[in-house]
Amino acid sequence: MEEPRQPANENYYRLKKALDYYESIQTHPWPSISTLDLKKGSSNPGVSELRERLRLTGDLARAEDTQSELYDQALETAVKRFQARHGLKPDGVMGSKTERELNVPPYERAEEIRRNMQRWAALPPQLGHRFIFINIPEFRFDLVENGHPVLTMKIIVGKPERPTPELISELNQIEINPYWNIPPNIIQKDILPKILKDPHYLDEMDIKVVQHRKSGVLTLDASRIDWNEAVKNGFAYELRQEPGKKNALGMVKFDFPNEYDIYMHDTPARELFSRDNRIFSSGCIRLEKPFALLSYLLNGNPQWNVQHMAEVLQSGKETTIKVKPLPVYIIYATAWVDRNGVLNFRRDPYGYNEDPNPDELSPQASIDDPFAIPLSFYALN
């Protein structure tokens, strides 16, 4: 069962406890760990260093023998725990990614925690009883009701050069069989070079050259356009991908007002969800389970029963559905503490933790936070 998602400012105070701990150990020697490809049953002099490191991070209990050179069951369990809370595959094997996270110095972790405390403090003190919560570095979507996730899924977010922005909005509209009105920057950077390379690209991808007018959408003859001129001096028209299997938005799109013109949507590139580092989009958020979200949003609406929904999806016709506004919070957090007291870290895909002058923020909640329980690893050390 997924752990409940706590109100935002609870994370501020939990991280404060983690910061206190990392500040207390940041002056301790932290020798580099180099024990690649170790797994249960291995014996190596470096294992004792690994044991001590995992004891300091709270993943291995103090009672365990840190001098042993045997990679035993207790150590494998500790490595799996460390891997899981760093977003790595919890296989218990010491690979390069696990070694990299183990070798992050405590003073760097302390600074990362400080920056993330500021991010959590910037959120409203209460997010509401029902909302969508997206954490970009975690590549995770949660639909939360009364503090518990009722729908969780993987997501794909923007590339570093086209990052998904942090924002607060409200989901208020669904588009079934959406058109994709391709943004000008994607046309110029991505589509035009493909057209020059392959004259049949537009037909193969079911993309039309259009103009939006008051009277409607006018489709133009792509063969009459000087594409070399468009690359050189800019494209004067618009490109729109038709609904269908090739459409980059898939079969359903979820809209929420924002200045960045991003949204959540289905995708035909399902294989990308198996990747760990899911930064492939141009800023919008691709959903692993878009139809589960669609079903949730339309549940209880007699007009949209299963049969009618299937008919609309199969029709290929663009259909817009207004829904009751649902708050959407998109954040960028590389550190947080869950209700079970587990401190989590994730990689920094956009390099935001390297900003030399982060804004100074303070929490909006009371200092007498009743949920600010000790971290579980405090009990181990």
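Looking for something within 15 Å of Leu343 (Cα to Cα) and in a loop (DSSP other than H, G, I, E, B) - is there at least one such residue anywhere in the stretch 21-43? No, the stretch 21-43 has no match at all. Leu143 meets all of the listed conditions (1) closer than 20 Å to Gly41 by Cβ; (2) crowded, with 17+ Cβ neighbours inside 10 Å; (3) in contact with a helix residue (DSSP H, G or I) (Cβ under 7 Å, 6 or more places away or on another chain); (4) not β-branched (Val, Ile, Thr) but one, namely (1). Quick one: would you say Ser48 is in a helix (DSSP H, G or I), polar (S, T, N, Q) and farther than 28 Å from Phe133 by Cα? The answer is yes for Ser48.
Without any contact (Cβ under 8 Å) to a residue 12 or more places away in the chain and either under 30 Å from Ala222 (Cβ atoms) or surrounded by 14 or more Cβ atoms within 10 Å (Cβ to Cβ) (or both): which single residue out of Pro199, Pro184, Pro193, Pro178 fits that description? So that I can check it myself, show each step before the final result.
Values: Pro184 fails: without any contact (Cβ under 8 Å) to a residue 12 or more places away in the chain; Pro193 fails: without any contact (Cβ under 8 Å) to a residue 12 or more places away in the chain; Pro178 fails: without any contact (Cβ under 8 Å) to a residue 12 or more places away in the chain.
None of the other options fit; the residue is Pro199.
Taken over the stretch 271-287, residues that are surrounded by fewer than 18 Cβ atoms within 10 Å (Cβ to Cβ) and touching a Ser or Thr at 6+ places or on another chain (Cβ under 7 Å) amount to 0.
Checked against (1) free of Cβ contacts under 8 Å to residues at least 24 places away in the same chain; (2) over 28 Å from the mean Cα position of the chain (by Cα), Arg62 meets all criteria but (1). Taken as a whole, the structure leaves Trp227 outside the set of residues that are surrounded by 15 or more Cβ atoms within 10 Å (Cβ to Cβ), closer than 26 Å to Ala269 by Cβ and at pLDDT 95 or above.
Please verify whether the stretch 311-320 includes one or more residues that are farther than 26 Å from Glu166 by Cβ and either crowded, with 18+ Cβ neighbours inside 10 Å or without any contact (Cβ under 8 Å) to a residue 12 or more places away in the chain (or both). Among the residues of the stretch 311-320, at least one is farther than 26 Å from Glu166 by Cβ and either crowded, with 18+ Cβ neighbours inside 10 Å or without any contact (Cβ under 8 Å) to a residue 12 or more places away in the chain (or both), which makes the answer yes.
Any chance the stretch 216-224 includes a residue that's over 30 Å from the mean Cα position of the chain (by Cα), assigned to a loop (DSSP other than H, G, I, E, B), hydroxyl-bearing (Ser, Thr, Tyr) and more than 20 Å from Ser281 (Cβ to Cβ)? Among the residues of the stretch 216-224, not one is over 30 Å from the mean Cα position of the chain (by Cα), assigned to a loop (DSSP other than H, G, I, E, B), hydroxyl-bearing (Ser, Thr, Tyr) and more than 20 Å from Ser281 (Cβ to Cβ), which makes the answer no.
The values are calculated or read from the model by the stated rules, or taken from the named source; none is laboratory data. These figures come from a predicted structure and were not determined experimentally. When we count neighbours, we look across all protein chains shown, and the Cβ atoms used for this are built from the backbone with ideal geometry, even at glycine.
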